[in-house]
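The values are calculated or read from the model by the stated rules, or taken from the named source; none is laboratory data. Predicted model only: the values in this text are computed from it and were never measured. Cβ placement follows ideal geometry from the backbone for every residue including glycine, while neighbour counts extend to all protein chains displayed. The area values use the complete protein model at the heavy-atom level, side chains included, leaving out ligands, DNA and RNA. Shrake-Rupley method; radii C 1.70, N 1.55, O 1.52, S 1.80 Å.
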Amino acid sequence: MAAPPAPATEGSPQPEPHVREPGPGSAKRGREDSRASRLSFCTKVCYGIGGVPNQIASSATAFYLQLFLLDIAQIPAAQVSLVLFGGKVSGAAADPVAGFFINRSQRTGSGRLMPWVLGCTPFIALAYFFLWFLPPFTSLRGLWYTTFYCLFQGLATFFQVPYTALTMLLTPCPRERDSATAYRMTVEMAGTLMGATVHGLIVSGAHKHHRCEATVTPGPVTVSPNAARLYYIAAAVVAVTYPVCSSLLCLGVKERPDPSTPASGPGLSFLAGLGLTTRHPPYLKLVISFLFISAAVQVEQSYLVLFCTHASQLHDHVQGLVLTVLVSAVLSTPLWEWVLQRFGKKMSAFGISAMVPFAILLAAVPTAPVAYVVAFVSGVSIAVSLLLPWSMLPDVVDDFQLQHHHGPGLETIFYSSYVFFTKLSGACALGISTLSLEFSGYKAGACKQAEEVVVTLKVLIGAVPTCMILAGLCILMVGSTPKTPSQDASSRLSLRRRTSYSLA
């Protein structure tokens, strides 16, 4: 082992780095580096499969958890608001914590990020299953679901942060990273479609409308054991996807070694790195804009099933509408990836606004044909709203590293803080909106809700997402956005990562 170089004394001349003059072999080496940075089809698919469990679970909770807590667990709307808000806040709070510990973790044989994904897998599966479990007691059900929803959100964060940050360590090529992101979004949406289909078909028997038609009393309907059992089965099916997909991710994706060298100097602290990233203007604009857009998508998803069940005569179309949203999102993702490459990411953001007029139309004319058209357009808009930030975030990271002389590892801080802010906005939006149901007089488990509840659901499905989407797009369109780094810039970034200090 070579001895480390002696530290330079004050006033001593600093050695100049040896720069190799370009020779005949430079072009050949460039072509070899380009081929080495390419990701195989199998690697991209396995990388996408790794994120499927979190997306399936998130989709199930987004569409059905609120309905489950209100109509099956029969928790008051105020307590449901606390459950949703507490879970989202715990997931948001776990993001900087995850970024701190992951940023300081040492590289193992399977990488620096992969062990976190594998280690969280069994605990997330258990927390998710008990989230849908109906305990025998009734007085403390709110505390039960708050506890397991907080556990699930926190563990899912420790799974998702290293998984998404893995994008930066798959390849140094920006185009390949964008391609891997598109594969990830497509495979995740396909898995979400399959998971939501299975989950929805299993629990559909628990929400048959004839249970209300056969009820003569105006109070809450008694929950049958069969309804609870259906949710147990659906939860178990989704929980099993965590170990299966994590195993495929580990087998098919090899994390590239961190280009930094531990002997090159001390690492930057997490708080110092967080302060640097949050002062980067392109990152601030990206985060603030998608605070509104992601919150709008979460509100739209959360209240679609409740709107169809209690504010319109679409209760028999719930499963079909959910599938329409997901199918259109899956099918439009490759199209949006082409649009991103052809017309640019900023121009593609206008596709999110397609949801606005149709959301208002659904609230005004809640008929089946209109609902299916709205569901299709909403899926198209949701696809680009999910793909766009994860395609822009690597460009923001590269833009930051080109302007600042800091080493690798900051990508974890960028990703974790972005997820933190978006989750926090979703927590506030869902918490406040669910609390508005309590103020409007929502009765948990009741077959027919008051007219004030119907009006509130129409506002939540139409006006609220519209305002948030327009606000987010206005912020995103102001100023310039970071461009995809050129090949020369990408080479400089690669050189900097090889010669900078470690953050571990």
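Only one entry of ILE75, ILE49 meets the criterion of being more than 17 Å from LYS254 (Cβ to Cβ) and at pLDDT 85 or above, and that entry is ILE75.
When restricted to residues that are open to solvent by 10 Å² or more (accessible area, probe 1.4 Å) and farther than 21 Å from LEU84 by Cβ, region 302-331 contains 13. Checking each residue in region 275-331 for being among the aliphatic types (A, V, I, L, M) and not in a helix (DSSP H, G or I) picks out ALA311, LEU314.
Restricting the first member to region 448-468 and to residues that are more than 15 Å from VAL297 (Cα to Cα) and touching a residue at least 12 places away in the same chain (Cβ under 8 Å), and the second to residues that are open to solvent by 50 Å² or more (accessible area, probe 1.4 Å) and of a type outside the set (Asp, Glu), the beta-carbon pairs closer than 9 Å and six or more apart or on different chains are LYS448/PRO218; GLN449/LYS443; GLU452/PHE439; VAL453/LYS443; THR456/PHE439; LYS458/ALA364. Checking each residue in region 237-249 for being hydrophobic (A, V, I, L, M, F, W, C) and open to solvent by less than 40 Å² (accessible area, probe 1.4 Å) picks out VAL238, ALA239, CYS245, LEU249. What number of residues in region 332-352 are without any contact (Cβ under 8 Å) to a residue 12 or more places away in the chain and open to solvent by 30 Å² or more (accessible area, probe 1.4 Å)? Counting residues in region 332-352 that are without any contact (Cβ under 8 Å) to a residue 12 or more places away in the chain and open to solvent by 30 Å² or more (accessible area, probe 1.4 Å) gives 5.
Scanning region 328-357 for residues that are under 18 Å from the mean Cα position of the chain (by Cα) and hydrophobic (A, V, I, L, M, F, W, C) gives ALA329, VAL330, TRP336, ALA349, ILE352. The residue that is farthest from LEU386 (Cα to Cα), counting only those in region 272-301 that are polar (S, T, N, Q), surrounded by 22 or more Cβ atoms within 10 Å (Cβ to Cβ) and more than 15 Å from the chain's Cα centre (by Cα), is THR277. Within region 168-177, the only residue that satisfies the criterion of being open to solvent by 10 Å² or more (accessible area, probe 1.4 Å) and either assigned by the TED database to the domain that holds PHE376 or touching a Phe, Trp or Tyr at 6+ places or on another chain (Cβ under 9 Å) (or both) is MET168. Restricting THR222, THR215, THR197 to those that are of a type in the set (Val, Ile, Thr), modelled with pLDDT under 85, under 26 Å from ALA73 (Cβ atoms) and assigned to a helix (DSSP H, G or I) reduces the list to THR197. Within region 86-93, can one find any residue that is in a helix (DSSP H, G or I), aliphatic (A, V, I, L, M), modelled with pLDDT under 85 and closer than 24 Å to ALA272 by Cβ? Within region 86-93 (the criterion being in a helix (DSSP H, G or I), aliphatic (A, V, I, L, M), modelled with pLDDT under 85 and closer than 24 Å to ALA272 by Cβ), the answer is yes, since at least one residue qualifies. The set of residues from region 168-200 being hydroxyl-bearing (Ser, Thr, Tyr) and farther than 13 Å from LEU387 by Cβ comprises THR171, THR192, THR197. Would you say ILE102 is in a helix (DSSP H, G or I), among the hydrophobic types (A, V, I, L, M, F, W, C), open to solvent by less than 40 Å² (accessible area, probe 1.4 Å) and modelled with pLDDT of 85 or more? No; evaluated as a whole, the condition is false for this residue. Restrict the check to region 256-270 and report whether at least one residue is open to solvent by 10 Å² or more (accessible area, probe 1.4 Å) and either at pLDDT 85 or above or acidic (Asp, Glu) (or both). So far as region 256-270 goes, yes, one or more of its residues are open to solvent by 10 Å² or more (accessible area, probe 1.4 Å) and either at pLDDT 85 or above or acidic (Asp, Glu) (or both). Report, ordered by the first and then the second residue, all pairs with beta carbons closer than 8 Å, sequence separation of six or more or different chains, a first member in region 32-44 that is assigned by the TED database to the domain that holds ASP178 and on the phi < 0 side of the Ramachandran plot, and a second member that is modelled with pLDDT of 70 or more and open to solvent by 50 Å² or more (accessible area, probe 1.4 Å). Partner pairs satisfying both residue conditions: THR43/LYS254; LYS44/TYR183.
Could you tell me whether GLY142 is over 30 Å from ARG38 (Cβ atoms) and surrounded by 24 or more Cβ atoms within 10 Å (Cβ to Cβ)? No, not satisfied.
Among the residues of region 148-167, those that are open to solvent by less than 10 Å² (accessible area, probe 1.4 Å), more than 15 Å from TYR242 (Cβ to Cβ) and either at pLDDT 85 or above or touching a Gly at 6+ places or on another chain (Cβ under 9 Å) (or both) comprise TYR149, VAL161, THR164, ALA165, LEU166. Is it true that PRO281 is within 15 Å of MET468 (Cα to Cα), out of contact with any helix residue (DSSP H, G or I) (no Cβ under 8 Å at 6 or more places or on another chain) and not polar (S, T, N, Q)? No.
In region 357-474, counting only helices (runs of 4 or more DSSP H) that sit wholly within it, the ones holding 3 or more residues that are closer than 22 Å to GLU188 by Cβ and open to solvent by less than 10 Å² (accessible area, probe 1.4 Å) span 368-403, 410-440.
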